[in-house]
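> Just passing along the structure, written as C-alpha cells.
Derivation of every value follows stated rules applied to the coordinates shown; laboratory data play no part. Note that the coordinates shown come from a computational prediction; the quantities given were computed from them, not determined experimentally. So basically every Cβ, Gly included, is an ideal-geometry build from the backbone, and we count neighbours across all protein chains shown.
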Amino acid sequence: MTTSSTSIVNTPWMRLVALLLAILLAIGAFFLWLNTEEWVPSVGERAERLEELTVSGDVAACIDKRVADIDAMVAQGMIGADAAEQSRAQARSLCYDRN
C-alpha cells in the first residue's frame, strides 16, 4: 500500500514547510529592498564621476579626424567594411595612447 502524493502535500508538516519558506522569501525580499534603498542615492554620486572618465577634446578631435579619413577611403572604395572597422579600432587606440 502506497501513499498518494496529494496526501503527503496536504499534511500539516508540509504546510509548515511552505509557511517557513514563504517567511524566508519575505525576509530575503525585505533585505533586498533595504539594500536597494541605500544604493539608489549613491547612483548620483557615481554619475558625477563620469566626467572624470570622458575623453579629452584632443582625443575626440584625433578620433574624429582619423575616422573621417577612414570613411573617405571607404567611400572611394580603397578599403572594405571589415578593414575599415579594424582601422577605426586601431585609430581609437592610437589616439588614446598619444593623448
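> Quick check on packing: order 55-64, 69-78 by the mean number of other C-beta atoms within 10 Å, highest mean leading.
Top of the packing list down: 55-64, 69-78.
> Here's a follow-up. Please turn the phi angles of region 77-88 into ³J(HN,Hα) values with the Karplus equation 6.51 cos²θ - 1.76 cosθ + 1.60 (θ = phi - 60°), one per residue in order, whole Hz, x for glycine and proline.
Those phi angles translate into x, 6, 9, x, 5, 5, 5, 5, 4, 5, 5, 5 Hz.
> Test of understanding: extend the Cα→C-beta vector of Met73 to 7 Å, then name every residue of region 85-99 with backbone N under 15 Å from that spot.
Taking a point 7 Å out along Cα→Cβ of Met73, the residues of region 85-99 whose backbone N falls under 15 Å are 85-95.
> Using Cα pairs closer than 8 Å and at least 6 residues apart in sequence, work out the relative contact order for region 49-99, in percent.
So the answer I get is 45 percent.
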